[in-house]
Every structure is written in structure tokens, then in C-alpha cells.
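Worksheet: the structure to be examined is printed underneath.
All of the numbers you see were taken from the coordinates with simple rules; none came from a lab. Predicted model, so just to flag it, every value in this text is computed and none were measured. Every residue, glycine as well, gets a Cβ built from its backbone with ideal geometry; the counts of neighbours run over all protein chains shown.
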Amino acid sequence: MRQILSLLLVTSLFVVTAAVAGDPRLVTVSGSGEVLVEPDLASLGIGVEARAPSVDAARRQVNDTVRGVLDLTRASGISQEQVSSAALMVRPDYQWMPESREQKLLGYVVTRRMNIRLTDITMLGEVLEGVLKLGINQVDPPAFDTTRRAEFERQALAAAARDARQRARVLAQALDMDLGPAHRIEATGGPVVRPVGERVMAASSADDAGSYQTGEIRIGSQVTASFELLAP
């Protein structure tokens with residue numbers, strides 16, 4: 001898996017605390033770090049919505065589609081523990097009638113939502129194309145992750161700490177002082193996982209499943225640290 005470790009350039013927040021009654025003089029800075037990795041997990045949020053004169057008719061339509069998706073996942077070797085399909089929503093479908101100045105009931109809208117967790121990310125295109133052919137008409141952008149997230153979070157945290165020290169060193173040099181040890185360091189906020197970009201290339205054949213590419217995800221971390229300033 002290709003990894004790129006980079007430092008996120010942000011404007012540093014710093015405070016120089018003067019020594020009072022023997023307390024050390026400190027400089028407080030923020031630091032950021034991130035790791036770019038290729039994901040190996042994906043979560044797909046999909047749904048099917050149907051309109052019909054009665055709830056029962058709309059429900060039958062969406063249930064037929066959901067059954068087809070469940071059959072597809074089983075045939076693809078996806079564990080049923082990785083598939084959830086319990087979300088059901090029903091609402092009346094009204095139309096405003098200007099002549100009578102009242103709403104007319106046209107029928108009902110039934111929606112079923114599903115989530116599919118893929119531990120084999122190479123199946124992404126196949127599954128997406130398959131569910132669309134079955135009648136799925138709601139598709140959320142896939143949420144990507146990695147099975148090595150804890151490892152990469154630690155790398156991003158270490159990069160953020162190094163970035164904080166480097167920023168503190170720059171400030172100390174600007175003040176004609178030496179940088180001493182860290183007195184306090186704190187991770188600010190939890191690790192952030194977000195996509196770098198969702199890239200899709202044009203399919204070169206009738207098989208559109210091969211046109212899906214996952215790109216990379218960015219795992220980032222931030223710290224706030226206080227370092228002692230020493231007289232040269």
C-alpha cells in the first residue's frame with residue numbers, strides 16, 4: 001500500500017508565556033500531521049423509493065428490490081452480517097390543488113434504506129452496478145476506511161508532534177532563544193479520516209464496474225504543545 005506522509009501547512013497558534021516567580025518561559029504552538037493511504041474498506045449507503053396509490057403497493061415494490069439486493073450480496077460472497085436493511089420509511093404523497101385550495105392525497109411513498117460493508121474493496125464497482133440494475137434509486141457516496149487505521153492514526157499523531165516542535169523551534173530562533181523540553185502536549189480533537197478525491201475514469205468497455213476507483217483517504221491529527229524557552 002502506497003503511503004505518503006506529509007505535514008499539513010496551517011497558520012500556527014502560538015503564545016509566549018513570561019516567567020513569573022521562577023516559572024519557566026513557555027511557547028505554545030499547534031502542529032498538524034497527516035497520512036495519505038489507499039483504503040481497503042468501504043461502506044455503501046443505498047436505498048429504494050417507490051410511489052403508489054396504497055402503502056401496500058409501494059411496500060411490495062421496494063421489498064422486491066431489497067430482496068434482489070440481498071440475493072446479489074449472497075451470490076457475491078458478502079456475509080449477511082455486513083448487510084443491514086431494517087430502515088423503512090412511509091409518508092403520504094400530497095399535491096396542492098390551487099382551485100380548491102387544499103391538498104389532495106395521491107398515494108404513499110415508501111423508502112427502504114440499506115447499508116453494505118465491503119471488506120473486499122475490489123468489489124465496489126461490481127456491487128454498485130449490480131444494485132442499480134436491480135432498481136436501487138438512492139446511492140450515497142461510499143465511505144472509505146482502512147483496516148490499519150490505528151497504525152496510521154499513530155503515524156499522523158507523531159507527525160503532528162514533530163510539526164509542533166519544528167514550529168516552536170522557528171519561534172525560539174526568531175526570539176534569539178534556545179528551545180527547551182516540552183512541558184505539555186495535548187491531542188486536539190480526534191483523528192480525522194476524509195477522502196482526498198473520488199476519481200472515476202471512463203469505462204473502456206460495456207462493463208461499467210471497472211470505472212470505479214477509490215482514490216486515497218487522508219488520516220489527520222492535530223496537537224497543541226508547550227515548550228520551554230531557554231536563554232542562549
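The loop-placed trypsin sites (Lys or Arg not before Pro) in the stretch 98-185, going by DSSP, that have at most 11 neighbouring Cβ atoms within 10 Å of their Cβ come out as 101.
Note on 100, 43, 54: ascending count of other Cβ atoms within 10 Å places them as 100, 54, 43, the fewest first. Taking the Cα centre of the stretch 41-143 as reference, the dipole from Cβ charges on Lys and Arg (+1) and Asp and Glu (-1) amounts to some 240 debye.
The 3J(HN,Hα) values that the Karplus relation (6.51, -1.76, 1.60; θ = phi - 60°) gives for the stretch 151-168 are, in residue order, 4, 6, 4, 5, 5, 5, 5, 5, 5, 5, 5, 5, 5, 4, 4, 5, 5, 5 Hz. Gly and Pro appear as x. Per-residue Cβ neighbour counts within 10 Å put 212, 108, 94 in the sequence 94, 108, 212, beginning with the fewest.
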